[in-house]
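The values are calculated or read from the model by the stated rules, or taken from the named source; none is laboratory data. Predicted model only: the values in this text are computed from it and were never measured. Positions of Cβ are generated from backbone atoms using ideal geometry, with glycine treated the same way; all protein chains shown enter the neighbour counts.
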Ligand SMILES: [Zn+2]
């Protein structure tokens, strides 16, 4: 049993509470059972009727659902600090830098690769990410993609085969697509839940992306994709046509793309990754246009060593609000419930009865402070499935 009381501001993402998406409860308490599932949420004064043990009093702090980061690339070795410094000095970003990380990843031992992945997953957890998707995509050979997924599987069940990140320098594009759809997919499928493709300038075109996604689907994987990050193109249209769970980036969209996402029969989510634009000094995706058109929007970190070397979802939420004109409520929803939609999960992303007790105790009176105080460490404690996994639940003073 796990129980919190004295919650000044509890975000449940349970719209049935008050009709608003965040389902906020003030002066609240929350109870979870021994398996870490929420069994009761309600007024703090009633908590004694719903739990056997004494609840922990969080002293008026805010509690929000744990972040669901539906887009990361944590399996790699080395870093690209010199490339970042050069970019900040004026060299433009291109997809080719992925090859630098490929070389370092191939050269790393399993232990080094696993240690780096675990270190980054732990870093993400400390900033409140309780569900994380992790892609392969820096091995780009049958052996290295397969071991990347084996390592990813050690930190999450949301693993994604991204052999189609970029064509490696030692292969021709057509031959490489054949390998990705054949031998590589076969070697990777057992440790992958999803298949992904980088459909953009310098990576894979629409026809190649279609082949790769369909091959993954035929192997039993769910589909998601990188689409329309660097330029306009047919990625989003393809994703909606195939019914992918999420089109990620969505930075350069036509009116037709927006309409297609809004009417997507498969509920395709637009996952926006504003730290990628921040760290490449690129124009931000137009979140307002998407939300106003009725598209389901998620926010994720894109944590990777080239274009977005951060795992901080609090930073992503702040950028969603400050630079992409999302409301504070929309940005928090997108980083929690939106991420869960992008992973087609209903057990995470909210704190309604029946969902997992994955939550963050904030050293703040409300979720608004995530954007209001950008860059300030306000994550006091992180709980996953009813267990304290980071920080402290001691009273806020
Ligand atoms: Zn990515």
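At a glance:
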item: Selection within region 237-252 - farther than 17 Å from residue 160 by Cβ and either within 15 Å of the ligand (Cβ to nearest atom) or outside any helix (DSSP H, G or I) (or both); result: 250, 251, 252
item: Of all residues in region 51-73 being part of a loop (DSSP other than H, G, I, E, B) and within 16 Å of the ligand (Cβ to nearest atom), the one that is surrounded by the most Cβ atoms within 10 Å (Cβ to Cβ); result: 70
item: Residue pairs meeting the criteria (Cβ under 8 Å; at least 6 apart or on separate chains; first farther than 18 Å from residue 379 by Cβ, in region 60-76; second part of a loop (DSSP other than H, G, I, E, B) and more than 16 Å from the ligand (Cβ to nearest atom)); result: 74/155
item: Of residues in region 212-236 being over 23 Å from residue 274 (Cβ atoms), crowded, with 17+ Cβ neighbours inside 10 Å and more than 21 Å from the chain's Cα centre (by Cα), the one nearest to the ligand (Cβ to nearest atom); result: 212
item: Residue check, residue 166 within 16 Å of the ligand (Cβ to nearest atom), under 30 Å from residue 317 (Cα atoms), at pLDDT below 95 and touching a helix residue (DSSP H, G or I) at 6+ places or on another chain (Cβ under 9 Å); result: yes
item: Evaluation of residue 86 against (1) crowded, with 24+ Cβ neighbours inside 10 Å; (2) away from the ligand (no atom under 16 Å from the Cβ) (one fails), failing number; result: (1)
item: Single residue of region 295-308 satisfying the filter (in a loop (DSSP other than H, G, I, E, B) and near the ligand (Cβ under 10 Å from one of its atoms)) that is surrounded by the most Cβ atoms within 10 Å (Cβ to Cβ); result: 300
item: Test: residue in region 280-294 that is in contact (Cβ under 8 Å) with a residue 24 or more places away in the chain, part of a helix (DSSP H, G or I) and within 15 Å of the ligand (Cβ to nearest atom); result: yes
item: Which listed residue, of 361, 317, 389, is surrounded by 23 or more Cβ atoms within 10 Å (Cβ to Cβ) and in a strand (DSSP E or B); result: 361
item: Residue 329 being surrounded by fewer than 17 Cβ atoms within 10 Å (Cβ to Cβ) and in a helix (DSSP H, G or I); result: yes
item: Candidates 177, 155 - the one that is more than 16 Å from the ligand (Cβ to nearest atom) and under 16 Å from residue 194 (Cα atoms); result: 155
